[in-house]
1. Would you order Trp205, Trp21 from fewest to most other beta-carbon atoms within 10 Å of each residue's own beta-carbon?
2. Would you mind putting 227-237, 60-70, 154-164 in packing order, based on average other-beta-carbon counts within 10 Å, highest first?
3. How would Met144, Met85, Met186 line up from fewest to most surrounding beta-carbon atoms within 10 angstrom?
4. Could you please report the charge total around Ile96, scoring K, R as +1 and D, E as -1 over all other residues with beta-carbon less than 15 angstrom from its beta-carbon?
5. Would you mind ranking Thr35, Thr114 so that the residue whose beta carbon has the fewest other beta carbons within 10 Å leads the list?
6. Calculate the dipole size of the chain relative to its Cα centre from +1 charges on Lys and Arg beta carbons and -1 charges on Asp and Glu beta carbons; express the result in debye to the nearest 20.
7. Could you tell me how far the Cα centroid of segment 10-39 sits from the Cα centroid of segment 119-145, in Å?
8. 222 nm [θ] for the chain, helices only, -39500 (n - 2.57) per DSSP H run of 4+, per residue, to 500?
Amino acid sequence: MTTTPRYNQFDQPIGRPVENWKPATLPPYTAMTGTHCRVEPIDPARHTNDLFEGNRVAATGERFTYLPYDAFEDVETYQTWLDNMRGPDPMLHAIIDLATDKAVGIAAFLRPDTTHGTIEVGHINYTPALSHTIAGTEAMYLMMKRAFDELGYRRYEWKCDDQNAPSRTAATRYGFVYEGTFRQHMVYKGRNRDSAWFSILDQEWPLVRAAFETWLNPENFDANGKQVKSLQTLRTELAEHQG
């Protein structure tokens, strides 16, 4: 995005105006429903068993390496943790596979700043049943759509351990823009974490949204369920068409 430089009465450069800005809204405790999944506020009584058993499939616990907690040893401990993650910050959601009506993953809205219009997605943990599926991608689209279209946020953030290559790849695939790395940002599990920061801005969202919606169209998948065009390809094509 390029903008014409602006200056104040002291001949100092200043940012572009944000016209008719209204503070964003906190996420509601309601479900977001797509074609393949439903993303709903966590309900430990309903979701714990599905999620615990789903994570046990990956018995070695590698899916927790870059999370601030390890795999939970028993269902009671996991349920207690889920109960403490019900919001408003973080507001954890369960991702429900509509084909089975089972919870197969989690993701949370974090650090909502309604005054400045920023919000983050995090605590993402997909079980093997959700990883590399259409529903997994749709879940991220539904949460973005809520943040931008329903709640009026200007900035949607994704942060991860700089060493977490799968998370960095996912962020780029979904349309986030890499902004830089915060060195020595955290200490967790007895080790340093440099954090990679990514974001999508409100002016970028229409293109990202159009790519998601085109990708999710059944016509973008062959008889074996394999994508015809990737999200990255669709964003490039849409940008060239708009340009």
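1. With the fewest neighbours first, Trp205, Trp21 line up as Trp21, Trp205.
2. By packing density, highest mean first, the sequence is 154-164, 227-237, 60-70.
3. Ordered by Cβ neighbours within 10 Å, fewest first: Met186, Met85, Met144.
4. -4
5. With the fewest neighbours first, Thr35, Thr114 line up as Thr35, Thr114.
6. 480
7. Between the Cα centre of segment 119-145 and that of segment 10-39, the gap is 19 Å.
8. -8500 deg cm²/dmol
Here, each number is a calculation from the coordinates, and none is a lab measurement. Keep in mind it's a predicted model, so treat the numbers as computed, not measured. Virtual Cβ from ideal backbone geometry, glycine too; neighbours counted across all protein chains shown.
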